[in-house]
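One structure below.
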Amino acid sequence: MTMATRRDRWSAALLSASARWSERAERRARWTRRGVARCRRWATEGAQRPGELAPPSWFAIALPFGIAWYRALGGTARAWCRVGSRSCRVLARALGGPARTGG
């Protein structure tokens with residue numbers, strides 16, 4: 001196997017890994033959006049049915065904390081996935097250039 005073929009295979013594998021990291025980042029973003037929507041829905045439903053689960057004021061107090069929790073966890077996970085994706089692309093680009101040793 002020549003050095004160019006090996007480099008091309010590594011580059012293709014890194015670009016594939018980059019795509020997987022991008023998909024993970026998008027899944028984390030969807031998870032965050034669903035979690036925030038869930039928190040808002042629970043706060044609305046809790047305010048409409050006082051005393052069933054807890055006093056309505058508890059839902060109003062807990063809403064910003066629930067939203068912050070989902071955004072902090074989801075945002076952190078998404079940021080790490082983006083870093084992984086970009087790192088793979090940078091490495092693939094570095095490997096994709098002309099051979100420095102002439103071989």
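The values are calculated or read from the model by the stated rules, or taken from the named source; none is laboratory data. Since the model is a prediction, treat every value here as computed from it, not as a measurement. So basically every Cβ, Gly included, is an ideal-geometry build from the backbone, and we count neighbours across all protein chains shown. Heads up: the accessible areas ignore ligands, DNA and RNA and are worked out on the full protein's heavy atoms, side chains in. Shrake-Rupley method; radii C 1.70, N 1.55, O 1.52, S 1.80 Å.
Using only Cα coordinates, the Kirkwood hydrodynamic radius of the chain works out to 16.7 Å.
Farthest toward the positive end of the dipole of the chain, out of 80, 42, 94, is the Cα of 94, where the dipole comes from beta carbon charges about the Cα centre.
Once both labels are positioned 7 Å from their Cα atoms along Cα-to-Cβ, the gap between residue 5 and residue 34 label points is 4.4 nm. If R0 is 22 Å, the Cβ-Cβ spacing of residue 42 and residue 82 corresponds to a FRET efficiency of close to 0.15.
Couplings 3J(HN,Hα) of the range 5-17, computed from phi: 5, 4, 4, 5, 5, 4, 4, 5, 5, 5, 5, 5, 4 Hz, in residue order, whole Hz [Karplus 6.51 cos²θ - 1.76 cosθ + 1.60, θ = phi - 60°; x for Gly and Pro].
How many Å² of accessible area per residue for the chain, probe 1.4 Å?
It amounts to 72 Å² per residue over the chain.
Couplings 3J(HN,Hα) of the range 27-33, computed from phi: 4, 5, 5, 5, 4, 5, 4 Hz, in residue order, whole Hz [Karplus 6.51 cos²θ - 1.76 cosθ + 1.60, θ = phi - 60°; x for Gly and Pro].
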